[in-house]
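Q: Pasting a structure below so you can have a look.
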Amino acid sequence: MLLTNSGAAAGWLKRRYGDAFTLDMPVFGRGVVVSSPELVKQMFTAKPDVLVFGQSSPLGDVLGPGSLFSLDGKRHLDERRLLLPPFHGERMKSYEAIIEEEARREMAAWQDGVEFATLPSFMRITLNSILRAVFGARGPHQRRLAELLPGLVSLASRLTLLPSAQRDLGRLSPGGLFARRRRTYDELIDTMIDECLADPALEDRVDVMALLLRAHYEDGSSMSRSAIADELLTLLAAGHETTATSLAWAVERLTRHPSTLLRLQSEARSGGAELRAATINEIQRVRPVITGTGRQVAADEFQLGEWRVPRGYRVFASATLIHNDERFFERPLEFDPDRFLGRKPDTYTWIPFGGGTRRCIGAAFAQMEMDVVLRTMLCEFELQPTAKRGERWHNRGVAFAPARGGRAALTRIVTEPPQPAAVGDGALAAA
Ligand code: HEM
């Protein structure tokens, strides 16, 4: 993933060198950054043995050998086939109720009219939604995972930026701490797998853990316990913070665009969804929380436009650069959801979820989750607009978040009809 922020430096390089330029990047090494639809398409549609991901992914190193981020070629495609069903169609719809419940539970604690950073709240909503929908966790297991996983994932994402610290050099070293927490996680998942297999309702369960335990590869074999543990951790690491930070950006943008906010509120309260869907696309265009994605050349060379990129080089598609390019988006720096009204985003100029055979497996889940959380918020609260400057970008390791956490003041809408006077009240008044 590309480690630039709002893209000021990358924007300067693009203006100077065009749609492809070479850059030396910490951790990733030398790479070519591309930002035209033609070059992005070549990258996303390259054969999986020419451009690889897993062999070169620092994320895969910490998430384990069974993680999608660690796999390439046929093993990657086989694993994706097993993981895809829960993230599509009717299966995914069954997670909506969980997300709405988690959103309502969290929002019940929001204090009327008091400004606060919304990001921690969104982090809890997306964490608990994944724990229930993906891990199938309830009660004490859910609480234990909620305590353990945010720290484990944040340590993992810091270790991806510092590969030399990954080795276990004793209890107090970052690598040692990670190894200990990872063992605790594996033990808990082992227990949960035992309980899931013993569950008489296993066949009816729709959580991803149960689906993976019932799934089979093409040769009839099933997933190992360690592969399931790696994949569940991967889904959490990839899906929790990314979705929460996108929601915080939604609050940050909407509080600064009151007319869009008003239209969204009245649409949500009358049961509509079209402008909300366009808004979610636009938030991901102007504030992509993962600012780009990369592959590594595994063949002797990779033909990219007029250039031949040698083995070992990285190729990065920059979402920030392509989303901000006025050849593809009119007035690109403006937040304008109407540009996506009734229009699907283009595959190679709107790339917050990457593309090709490695496109984000949870994209539809993330869009649905953002839709449910925003709908709940817009129906139950008035967001107070602000004239303050936009929040800056802040790198949290996995994702770029609004630096102040998407601060906002919200007022609860009172929807309950006024309570009729109790019988006794009337009697007292008459006395
Ligand atoms: C707004 C939220 C999200 C954003 C912006 C996002 C973005 C991305 C990006 C840019 C990639 C790399 C794609 C590529 O290299 O072409 C990716 C991969 C992935 N994402 Fe997401 N993601 C989000 C939410 C989720 C969710 C909710 C899940 C699952 C619960 C998820 C699971 C994954 C997985 C497993 C991969 C690896 C796919 C593979 O290698 O085949 N993501 N995501």
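The values are calculated or read from the model by the stated rules, or taken from the named source; none is laboratory data. The structure displayed is predicted, hence computed values, not measured ones. Please note: Cβ atoms are built from the backbone with ideal geometry, for glycine as well, and neighbour counts cover all protein chains shown. The accessibility values were calculated without ligands, DNA or RNA, using every heavy atom of the protein model including side chains. Shrake-Rupley method; radii C 1.70, N 1.55, O 1.52, S 1.80 Å.
Q: Condition first: without any contact (Cβ under 8 Å) to a residue 24 or more places away in the chain, open to solvent by less than 70 Å² (accessible area, probe 1.4 Å) and hydrophobic (A, V, I, L, M, F, W, C). Now tell me which residues in segment 158-204 satisfy that.
A: Ala165, Leu177, Ala179, Ala201, Leu202, listed by residue number.
Q: If you go through segment 168-201 one residue at a time, how many are acidic (Asp, Glu), within 22 Å of Ala156 (Cα to Cα) and assigned to a loop (DSSP other than H, G, I, E, B)? Don't jump to the end; show me each part of the working.
A: In the first step, residues of segment 168-201 are kept if they are acidic (Asp, Glu); the result is 168, 186-187, 190, 194-195, 199.
So of that shortlist, the ones also within 22 Å of Ala156 (Cα to Cα) come out as 168, 186-187, 190.
This time we only want the ones that are assigned to a loop (DSSP other than H, G, I, E, B), so: 168.
Summing the residues that are acidic (Asp, Glu), within 22 Å of Ala156 (Cα to Cα) and assigned to a loop (DSSP other than H, G, I, E, B) in segment 168-201 gives 1.
Q: In addition: Could you please give the count of residues in segment 230-254 that are surrounded by fewer than 24 Cβ atoms within 10 Å (Cβ to Cβ) and away from the ligand (no atom under 13 Å from the Cβ)?
A: 1
Q: Also, quick follow-up: Could you run through segment 369-399 and say how many residues are open to solvent by less than 20 Å² (accessible area, probe 1.4 Å), at pLDDT 95 or above and within 12 Å of the ligand (Cβ to nearest atom)?
A: Qualifying residue count, segment 369-399: 3.
Q: Within segment 2-23, does at least one residue satisfy the condition of being touching an Asp or Glu at 6+ places or on another chain (Cβ under 9 Å), in a helix (DSSP H, G or I), in contact (Cβ under 8 Å) with a residue 40 or more places away in the chain and surrounded by fewer than 21 Cβ atoms within 10 Å (Cβ to Cβ)?
A: no
Per-residue answers, yes or no, for (1) within 24 Å of Val62 (Cα to Cα); (2) free of Cβ contacts under 8 Å to residues at least 24 places away in the same chain; (3) open to solvent by 30 Å² or more (accessible area, probe 1.4 Å):
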| position | (1), (2), (3) |
| --- | --- |
| Tyr95 | no, no, no |
| Gln111 | no, yes, yes |
| Val114 | no, no, yes |
| Leu119 | no, no, no |
| Leu152 | yes, no, no |
| Ala156 | yes, no, no |
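Q: Take the residues in segment 279-296 that are closer than 13 Å to Thr242 by Cα and of a type in the set (S, T, N, Q); name whichever of them is farthest from the ligand (Cβ to nearest atom).
A: Thr291
Q: Let me ask something additional. Please enumerate the residues belonging to segment 221-231 that are within 13 Å of Val62 (Cα to Cα) and of a type outside the set (Asp, Glu). Break it down into steps so the answer makes sense when it comes.
A: In the first step, residues of segment 221-231 are kept if they are within 13 Å of Val62 (Cα to Cα); the result is 229-231.
Scanning segment 221-231 gives a single hit, Ala229.
Q: Could you please let me know if Ala366 is modelled with pLDDT of 95 or more, more than 15 Å from the chain's Cα centre (by Cα) and under 30 Å from Gly151 (Cβ atoms)? I'd like the intermediate steps shown before the answer.
A: Working: modelled with pLDDT of 95 or more: yes; more than 15 Å from the chain's Cα centre (by Cα): no; under 30 Å from Gly151 (Cβ atoms): yes.
Spelling it out, it is not the case that Ala366 is modelled with pLDDT of 95 or more, more than 15 Å from the chain's Cα centre (by Cα) and under 30 Å from Gly151 (Cβ atoms).
Q: Return the residues of segment 135-147 that are open to solvent by 20 Å² or more (accessible area, probe 1.4 Å) and touching a Phe, Trp or Tyr at 6+ places or on another chain (Cβ under 9 Å); say none if nothing qualifies. Don't jump to the end; show me each part of the working.
A: Initially, segment 135-147 is screened for residues open to solvent by 20 Å² or more (accessible area, probe 1.4 Å), giving 138-144, 146-147.
Residues satisfying the conditions are His141, Gln142.
Q: So which residues in segment 52-82 are out of contact with any Gly (no Cβ under 9 Å at 6 or more places or on another chain) and either within 11 Å of the ligand (Cβ to nearest atom) or open to solvent by 30 Å² or more (accessible area, probe 1.4 Å) (or both)? Don't jump to the end; show me each part of the working.
A: Restricting attention to segment 52-82, the residues satisfying the condition of being out of contact with any Gly (no Cβ under 9 Å at 6 or more places or on another chain) are 55, 58-59, 61-66, 74, 77-78, 80-82.
Across segment 52-82, the qualifying residues are Gln55, Leu59, Asp61, Leu63, Pro65, Lys74, Leu77, Asp78, Arg80, Arg81.
Q: Look through segment 205-229, keep the residues that are open to solvent by 20 Å² or more (accessible area, probe 1.4 Å) and charged (D, E, K, R), and return whichever of them is farthest from the ligand (Cβ to nearest atom).
A: Asp219
Q: So, one more: For residues in segment 303-332 being of a type in the set (Lys, Arg) and touching a Phe, Trp or Tyr at 6+ places or on another chain (Cβ under 9 Å), which is most open to solvent (accessible area, probe 1.4 Å)? Walk me through how you get there before you give the answer.
A: Applying the first criterion (of a type in the set (Lys, Arg)) to segment 303-332 yields 308, 311, 314, 327, 331.
Subsequent filtering for residues that are touching a Phe, Trp or Tyr at 6+ places or on another chain (Cβ under 9 Å) retains 308, 311, 314.
Working: Arg308: 156, Arg311: 132, Arg314: 31 Å².
In this case the residue turns out to be Arg308.
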